[in-house]
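The values are calculated or read from the model by the stated rules, or taken from the named source; none is laboratory data. Here the structure is a predicted model, which is why all the values come from computation and not from measurement. A quick note on method: Cβ atoms are made from the backbone with ideal geometry, for glycine too, and the neighbour counts reach across all protein chains shown. Just so you know, the surface numbers come from the protein's heavy atoms only, side chains and all, with ligands and any DNA or RNA stripped out. Shrake-Rupley method; radii C 1.70, N 1.55, O 1.52, S 1.80 Å.
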Amino acid sequence: MTEAGYNFAYLDEATKRMIRRAILKAVAIPGHQIPFGAREMPLPYGWGTGGIQVTASILGPQDVLKVIDQGADDTTNAVSIRRFFTRVAGIATTDATGEASIIQTRHRIPEKPLTENQILVYQVPQPEPLFKLEPHRAETRRIHALADYGLMHVRLYEDIARLGHIAKAYDYPVMVNERYLMSPSPIPAFDNPKMHQMAALQLFGAGREKRIYAVPPYTPVRSLDFEDHPFRPIRAPHACAICGSRTSYLDELITNDAGGRAFICSDTDYCQERQEAPKAAAE
Amino acid sequence: MNLLLEARGLHLKFGAIAALDDVAIDVSAGEVVAIVGESGSGKTTLLRVLAGQMAPDSGTVRYLGGDVLGMTEAERRRLMRTDWGFVHQNPRDGLRMGVSAGGNVGERLMALGARHYGNIRDEAKAWLQRVEIDAARIDDLPRHFSGGMQQRLQIARTLVTRPKLVFMDEPTGGLDVSVQARLLDLIRALVHELGLSVLIVTHDIAAARLLADRILVMRRGQVVEQGLTDRVLDDPQHPYTQLLVSSVLAA
Ligand SMILES: [Zn+2]
């Protein structure tokens with residue numbers, strides 16, 4: 001039950017309407033950053049206040065919420081956010097990707113393909129993909145307005161010239177609907193292809209920078225690259241030590257003091273489901 | 001003659017000072033026009049107005065018949081990365097100092113849609129050689145280049161997309177005399193090879209003589225004399241032009 005003294009999902013109705021308007025604008029112009037009047041939240045920046053405000057604005061009493069951090073449901077960050085929404089909205093939560101209607105995430109996209117009945121909410125620390133290349137916001141706004149993205153390709157060119165390949169392993173820049181350059185948030189480049197033509201609505205909230213942007217269902221999302229240096233989603237060339245998956249994104253674990261290492265799925269729900277699936281099939 | 005740029009009746013005041021006082025100028029295809037004058041004569045202001053970077057109080061500027069002053073920012077920028085080029089006096093204003101020489105040359109290609117790394121790199125190497133920079137330095141940062149090399153790199157970066165009209169603001173300004181001469185020779189050779197139209201602002205009469213087909217002499221916001229380079233410099237009519245030319249002879 002909702003605690004007395006709180007509006008449903010913490011934010012007052014006027015604030016939710018304001019954020020929903022920003023979300024609608026964002027959906028109407030895929031990949032374009034919309035400013036919004038971010039509210040102080042009872043969690044510090046860096047804890048996903050932008051994602052939390054987006055989730056709070058779209059949440060209804062029937063929703064089932066999943067929160068992941070680096071692919072896991074049980075990290076401090078994910079647990080706190082889930083507990084927060086249970087307390088202020090009284091909604092059901094789940095670890096199962098397939099059962100969630102809203103998934104708030106930091107740093108991953110679930111392995112299981114999402115559906116039209118789901119919304120993926122990303123926590124975004126820095127919404128501006130040109131942030132490191134062009135420090136002036138007025139100039140980055142102009143670059144976006146004119147789709148004048150040569151500068152981003154210069155950055156990729158520089159990587160190949162110095163290192164022989166594009167060095168960005170996270171937050172790898174994408175073109176949305178062949179119009180706006182967008183930061184996918186610090187997800188691994190491995191996850192970028194999942195954004196392309198995704199059935200679920202993707203919403204991005206940056207609390208500190210006060211920006212919301214979106215990728216509507218079935219929108220083309222293309223990772224920038226060169227014809228002779230095509231984008232490649234990289235994963236560790238191993239099988240998960242627990243479920244044996246050779247296609248999921250893996251985390252590297254140090255297993256003992258002798259420096260033993262193992263690779264396991266970063267998406268804990270996916271790994272869990274794969275462990276249970278053979279048993280279910282056998283029964 | 002195929003007229004590229006055409007300006008008429010330009011006026012611009014900074015307070016009580018007339019920076020441009022009824023200025024008119026034409027640049028035809030393949031023509032190099034120098035605007036000479038001392039600092040404060042209005043020549044750099046004129047260049048900026050013609051390039052659409054600054055609005056005059058009144059007057060018209062047309063490029064291939066289109067209204068430059070009425071262009072949107074988007075249209076102006078598109079022109080700036082296709083048909084036009086701008087070479088700044090200080091190479092730092094025209095280069096990305098944190099980006100390699102190859103990246104600097106390749107940027108305009110990439111802005112126009114080039115997406116083949118190998119081709120961009122080959123083109124950058126060819127252009128470095130063309131401006132007499134060792135292609136082996138393609139991955140070096142411009143901050144490790146001499147002033148003359150930086151200026152040559154800026155020229156390569158500007159010309160790589162073969163603009164029709166290049167604006168140059170005192171391109172040899174900050175350089176040693178011996179370096180200036182080499183750069184002027186290079187600019188002259190490139191202009192000839194590529195058939196460029198150039199509008200160059202300079203206080204250096206010798207540079208104007210070497211490069212320009214025509215000269216406009218500016219003083220206090222007005223064009224006091226203009227004509228073919230040899231005519232203006234060998235037989236100056238206006239007392240101010242005579243003074244400018246004689247001061248070169250004295251130097
Ligand atoms: Zn696994």
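Points worth noting:
- Of all DSSP bridge pairs formed entirely within region B:1-151, close to 100 percent run antiparallel.
- Charge sum, other residues only, whose C-beta stays under 10 Å from A:HIS238's C-beta, Lys/Arg counted +1 and Asp/Glu -1: +2
- Taking the DSSP bridge list for the protein assembly as shown and keeping only pairs wholly inside it, about 55 percent are antiparallel.
- Distance between the C-alpha centres of region B:149-222 and region B:46-63: 20 Å, rounded to the whole angstrom.
- Loop-located chymotrypsin sites (Phe, Trp or Tyr not before Pro) in region A:206-283 (DSSP state other than H, G, I, E, B) with a sparse environment of at most 15 neighbouring Cβ atoms within 10 Å: A:TYR218.
- Share, in percent, of DSSP beta bridges within region A:89-207 that are antiparallel, nearest 5: 30
- Computed on protein heavy atoms with a 1.4 Å probe, the accessible areas place B:ARG8, B:ARG182 in the order B:ARG182, B:ARG8, largest first.
- Selection from B:LEU244, B:VAL224, B:LEU64 lying farthest towards where the dipole of chain B points positive, charges on Cβ: B:LEU64
- Label positions at A:ALA199 and A:PHE131, each projected 7 Å from the Cα along the C-beta direction, are separated by 3.3 nm.
- Cleavage-rule hits (GluC sites (Glu not before Pro)) in region A:1-81: DSSP loop, at most 16 neighbouring Cβ within 10 angstrom: A:GLU3, A:GLU40
- Ranking of A:LYS25, A:LYS132 by solvent-accessible surface, largest first: A:LYS132, A:LYS25 (1.4 Å probe, protein heavy atoms only, all chains present).
- Within region A:79-176, the GluC sites (Glu not before Pro) that combine a DSSP coil assignment with at most 15 other C-beta atoms in a 10 angstrom radius are A:GLU116.
- Residues B:ILE17 and B:ARG143, FRET efficiency given R0 of 35 Å [Cβ-Cβ distance, rounded to 0.05]: 0.40
- Protein-only accessible surface at a 1.4 angstrom probe places the residues A:HIS165, A:HIS144 in the order A:HIS165, A:HIS144, largest first.
- Inter-label distance for A:ALA241 and A:ARG261, nm, one decimal - labels placed 7 Å from Cα along Cα-to-Cβ: 1.1
- Chain A shape via C-alpha gyration tensor axes, a/c threshold 1.5: oblate
- A straight Cα-to-Cα reach below 13 Å connects A:LYS112 with the aspartates and glutamates A:ASP95, A:GLU99, A:ASP191, A:ASP267, A:ASP269, A:GLU273, residues fewer than 8 places away in its own chain not being considered.
- Distance between region A:100-153 and region A:220-239 - C-alpha centres, whole angstrom: 17
- Shape call, region B:94-251: gyration tensor on alpha carbons, a/c limit 1.5: prolate
- Entries of A:LYS16/A:LYS194; B:LYS125/B:LYS164; A:LYS168/A:LYS194 with Cα pairs more than 27 Å apart: A:LYS16/A:LYS194
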